[in-house]
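Values in this text are rule-based calculations from the coordinates and carry no lab data. Worth saying up front: this structure is predicted, and the values here are computed from it rather than measured. Positions of Cβ are backbone-derived with ideal geometry, glycine not excepted, and every protein chain shown enters the neighbour counts.
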Amino acid sequence: MNRRSLLLGSAAALLASPARAAVPKPYDWAAAPPMDSREAFVAWMQANRGEDPKFLGRRYDKFLDLVKLQDLWDAPTKRAYLMTPREEFVTAKNIEKAYQTHFMDIGFGVTITGPHSVCRMTNVLEISRGDKVLEIGNGSGYQSAVLSNLTDKVWTIEIIKPLFERTGAIYDRLIKAGYSEFAAITRKNADGYYGWEEAAPFNKIIVTCGIDHVPPPLLQQLKPGGLMVIPVGPPGAQHVLKIVKEVGEDKAIKVVRSDIYKGAIVNFVPFTKLVGEVVKGTHSN
Ligand SMILES: C[S@@+](CC[C@H](N)C(=O)[O-])C[C@H]1O[C@@H](n2cnc3c(N)ncnc32)[C@H](O)[C@@H]1O
């Protein structure tokens, strides 16, 4: 066994894999779980998705916090959060903490983003079904899983190869179990600084690693009128910016930036760089 398969093997052993039966009903874009009662939500999800009531209850409790703290506000994004089994994307040692507030270690020196940041960043993008969305930093796979409950056109890039492969196996297992929405996620192992030229342009881009500037290729691959959310700033002290790409009548491009946390600092893992086949250093200047 070489070093890479050892790494992959040990990483696989650390994965959470809640015991589950197949999803009982086919995916229906028109269907949404009840949002006004914990009991009704858990019952609907058990009947339609076949999930564990323990995690469903925790998902609903976190939902109430997310709404109260204004990290989650519109109906499609609420539905996407409630439909996505976060417990499937954390590591085995953290499964009981799947719905805690903070980001958590997922191995390889990186983290699964906390649910509050995932929801606020997703909701800011105002994703409609049919939008083409690009994520930079697939990581655990959770963020793209949420996106696939908003649109059937999701692309995502992850720079760490063994993590990319491990997350691919999670999606494959869940698709087999009946989570057909995850089949809409197209993935590649690459340096996301350069975006995904062949699939561009995108209506929306979400960057889940921190950098000190907006990568020009990502701005270029955003459609006129498109939105991007991206943590920008020095290491460990980013501001999460909403970027709107406006194109004037004279065809001049104007970029309008606002801070989705009104000045608060949020930490993200660094936007790293691929040198040959090795992840080395970052794209920050
Ligand atoms: C906060 S973590 C994971 C967030 C992920 N969306 C999730 O929900 O688990 C950020 C991810 O960005 C990845 N990353 C960092 N630099 C990257 C780059 N240049 N291209 C693609 N992915 C990158 C990291 O390897 C890491 O998996």
Pairs of Cα atoms under 8 Å, at least six residues apart: use those to get the relative contact order of the chain, whole percent.
14 percent
In nm, spacing of pseudo-spin labels at Asp28 and Lys54 (7 Å Cα→C-beta vector):
3.0 nm
Using θ = phi - 60° and the Karplus curve 6.51 cos²θ - 1.76 cosθ + 1.60, what whole-Hz ³J(HN,Hα) does each residue of segment 28-45 get, with Gly and Pro shown as x?
10, 4, 7, 8, 9, x, x, 10, 9, 8, 4, 4, 5, 4, 4, 5, 5, 5
With r defined as the distance between the Cβ atoms of Glu249 and Ser128 and R0 fixed at 35 Å, what FRET efficiency is calculated, to the nearest 0.05?
0.90
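Distance cut-off 21 Å, Cα to Cα: go down the list Lys223/Lys273; Lys132/Lys245; Lys161/Lys188; Lys62/Lys97; Lys153/Lys280 and report the pairs above it.
Numbers: Lys223/Lys273 25 Å; Lys132/Lys245 15 Å; Lys161/Lys188 9 Å; Lys62/Lys97 11 Å; Lys153/Lys280 30 Å.
Exceeds cut-off: Lys223/Lys273; Lys153/Lys280.
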Which value in nm describes the separation of the simple spin-label points at Ala237 and Ala43, placed 7 Å from the Cα toward the beta carbon?
5.3 nm
Tell me, how many Å apart are the Cα centres for segment 24-52 and for segment 125-158?
21 Å
According to the square roots a ≥ b ≥ c of the eigenvalues of the Cα gyration tensor, what is the shape class of the chain, taking rounded for a/c under 1.5, prolate for a/b larger than b/c otherwise, and oblate for the remainder?
oblate
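Under the classification rounded if a/c is under 1.5, otherwise prolate if a/b is larger than b/c and oblate if not, where does segment 88-199 fall, given a ≥ b ≥ c as square roots of the Cα gyration tensor eigenvalues? The partial results should precede the final answer.
Working: a/c = 1.33, a/b = 1.23, b/c = 1.09.
Judged from the Cα gyration tensor, segment 88-199 comes out rounded (a/c under 1.5).
Show me the ranking of peptides 248-260, 121-133, 176-188, 81-93 by mean Cβ neighbours inside 10 Å, starting with the highest. Please list the in-between numbers first.
On the way: 248-260: 10.2, 121-133: 19.4, 176-188: 16.9, 81-93: 21.2.
Ranking the peptides 248-260, 121-133, 176-188, 81-93 by packing returns 81-93, 121-133, 176-188, 248-260.
Sorted by mean Cβ packing within 10 Å, highest first, what order do the peptides 220-229, 144-153 take? Can you show the working numbers first?
Values: 220-229: 18.8, 144-153: 24.5.
By packing density, highest mean first, the sequence is 144-153, 220-229.
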Segment 129-285: C-alpha gyration tensor shape, a/c 1.5 cut-off, then a/b vs b/c
oblate
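Report the relative contact order of segment 157-285, percent, no decimals, based on alpha-carbon pairs under 8 angstrom and at least 6 residues apart. Write out the running numbers ahead of the final one.
Details: 232 pairs, mean separation 26.4, N = 129.
Value for segment 157-285: 20 percent.
Between Asp36 and Ala183, how high is the FRET efficiency from 1/(1 + (r/R0)^6) when r is the Cβ-Cβ distance and R₀ = 35 Å? Nearest 0.05. The partial results should precede the final answer.
Values: r = 31 Å, r/R0 = 0.88.
It comes to 0.70.
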